[in-house]
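The numbers here are math on the coordinates, done by the rules we state, and not lab data. Source: prediction; values computed, not measured. Neighbour counts are summed over all protein chains in view; Cβ atoms, including those assigned to glycine, are modelled from backbone coordinates with ideal geometry.
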Amino acid sequence: MRTFLILLFFWPMPTFAQLAGPTVSADPVLEDRAREIAQSLRCVVCQNQSIDESDAPLAQDMRKLVYSRLQDGDSNEDVINFMRDKYGDYVLLKPPVQSNTYILWVMPFLLLLGGLIWFLRAGRRPS
Amino acid sequence: MMRGLLPIILFIGLGVALAISLTKDPRRLEAALIDQPFPEFSLSTLDDPDTILTEQTVKGQISVVNVFGSWCVTCNVEHPILMGITKDENIRLVGLNWRDGREKARTWLDKRGDPYDLIVFDPDSELAIPLGVSGAPETFVTDESGRIRYKHSGAISFEDWEKTFLPLLKKLEAE
């Protein structure tokens, strides 16, 4: 019995995540572009999901709007800029490189460099 | 001596940085639309699908635009404040009924009282997204030229109204 229970812990549970992509599949090219844009936009209600992944009602409406803007002839950049104008930089999942994000972008490289220097110096010291 | 201190300095630095970020509310989005013109829209009123409102609605006089929905729990909390606000006849309160049904919204308002001078019906976020709305309730103040001057996220408390909204409205009137 115990072995059985323990085994049960390792039983692979199937987990399903339904993809909530745009349902209107009129134009596959536009849909691909809409998808790509949706993946780069943050769902402002759920915070750490893109609007492509999110099932939140607002994310659904945002996907619809992305698609209809593409249909109206907007470029990918136009659509992203539109959302950025409305929701601020926050809506971009990938923070843009600009004056208030330099620290964010440069820090990892500085730390890496610092670590490397520390490593080389510590390695050279006689133990 | 210096070598021993370095980790402590780093630790304190990190602690201070994290403490500062803790005081920031990640749900409070930057209001990207301040001083921008109210977005163009064309939507019907809540009660009549044939009466179409546009961005002209908020031009010509100072307006308080309140995003609400019958599904929105916090709107219940805010509602009495709005009923108080609407007693002041100089204040134009525009409702933006967001992601809701006409019937449901009407029933909700009939039960509690309707504080709005007019209500825009926006079931598909056609105006809400261009307004940068991320939740309800949310409240905007627009000036006479129809520019957005202030945005408040979450329920308006009595204190918010007295200390932030009223002085702002007074200032806008003087402009």
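Observations, loosely collected:
- Residue within the stretch B:101-110 that is in contact (Cβ under 8 Å) with a residue 24 or more places away in the chain, part of a helix (DSSP H, G or I), out of contact with any Lys or Arg (no Cβ under 9 Å at 6 or more places or on another chain) and of a type in the set (Val, Ile, Thr) present: yes
- Unmet requirement for B:Asp50, which otherwise passes all of (1) in contact (Cβ under 8 Å) with a residue 12 or more places away in the chain; (2) more than 14 Å from every other protein chain (Cβ to nearest Cβ): (1)
- Any chance A:Tyr90 is at the interface with chain B (Cβ under 10 Å from one of its Cβ atoms) and of a type in the set (Phe, Trp, Tyr): yes
- Residues satisfying the stated conditions in the stretch B:30-45, i.e. more than 22 Å from B:Ser134 (Cβ to Cβ) and surrounded by 12 or more Cβ atoms within 10 Å (Cβ to Cβ): B:Ser44, B:Thr45
- Of all residues in the stretch B:109-164, those that are within 14 Å of another protein chain (Cβ to nearest Cβ), in contact with a helix residue (DSSP H, G or I) (Cβ under 9 Å, 6 or more places away or on another chain) and among the hydroxyl-bearing types (Ser, Thr, Tyr) total 2.
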